[in-house]
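Structure first, then comments.
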Amino acid sequence: MRFAPAALFALVICPVVFAAEPAAPATAPEAVPELRGVLTAGSTRQFSLVAPGSGATAWAKVGENFSGWELVEFKPADEALVLKKAGRAVVLKLADSAVANAPATAAKATL
């Protein structure tokens with residue numbers, strides 16, 4: 001009756017083998033779009049965004065979506081754009097940003 005000890009050994013070892021399987025790796029957070037520019041015309045602002053990986057670019061306004069991210073709010077004092085996706089909120093800022101008014105130049109109108 002060598003079968004009984006071998007079966008008992010298999011029953012003892014199998015749960016240990018299955019319990020030792022590694023857990024599924026945690027997924028990395030999704031990459032966030034990059035803020036490349038802000039265009040202000042009167043009270044309207046548009047934001048130049050670049051999708052990570054694909055390089056797709058577009059201009060979008062607060063309330064619109066870009067690459068699955070909703071543009072929620074712009075904070076002028078901080079020069080920061082808030083995006084939301086799937087309950088996650090991120091704040092984007094321009095790298096080395098500087099807000100300035102372009103000087104008015106005198107130009108002769110011609111047709």
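Take the Cβ-Cβ distance between residue 62 and residue 86 as r, set R0 to 25 Å, and report the resulting FRET efficiency rounded to the nearest 0.05.
Working: r = 19 Å, r/R0 = 0.75.
My answer for the efficiency is 0.85.
Calculate one ³J(HN,Hα) per residue across segment 49-57 by plugging θ = phi - 60° into the Karplus curve 6.51 cos²θ - 1.76 cosθ + 1.60, and present them in order as whole Hz with x for glycine and proline.
Computed from phi, the couplings for segment 49-57 are 10, 10, 6, x, x, 7, x, 5, 10 Hz.
Counting only other residues whose beta carbon sits under 15 Å from that of residue 60, what net charge do I get with K and R as +1, D and E as -1? Can you show the working numbers first?
On the way: positive: 36, 45, 61, 84, 85; negative: 34, 64, 70, 73.
Net charge in that neighbourhood comes out at +1.
Under 5 Å between amide H atoms, partner at least 5 residues away or on a different chain: which partners does residue 64 have, H built in plane at 1.01 Å?
Those lying under 5 Å, H to H, from residue 64 are 71.
What does the charge count near residue 46 come to, summing +1 for each Lys or Arg and -1 for each Asp or Glu among other residues with Cβ under 10 Å from its Cβ? Don't skip to the end; give the middle numbers.
Values: positive: 45, 61; negative: 64.
Neighbour charge sum, excluding residue 46 itself: +1.
What ranking do 35-41, 63-69 get when scored by the average of other Cβ atoms within 10 Å per residue, highest first? If you can, show how the numbers build up before the last one.
Numbers: 35-41: 13.3, 63-69: 15.6.
Per-residue Cβ counts within 10 Å, averaged per peptide and sorted highest first, yield 63-69, 35-41.
Quick one: Cα convex hull volume of segment 32-92, Å³ per residue?
Values: hull volume 4.5 nm³, N = 61.
Hull volume over Cα atoms, normalised by residue count, gives 74 Å³.
In sequence order, what are the phi-derived ³J(HN,Hα) couplings for segment 60-73 according to the Karplus relation 6.51 cos²θ - 1.76 cosθ + 1.60 with θ = phi - 60°, rounded to whole Hz, with x for glycine and proline?
In residue order, the calculated couplings are 9, 10, 4, x, 9, 10, 9, 6, x, 9, 8, 7, 8, 7 Hz.
Taken together, the values in this text are just the output of simple stated rules run on the coordinates, not laboratory data. Not measured: the values here are computed from a predicted model. With ideal geometry, Cβ positions are generated from the backbone for all residues, glycine too; neighbour counts draw on all protein chains shown.
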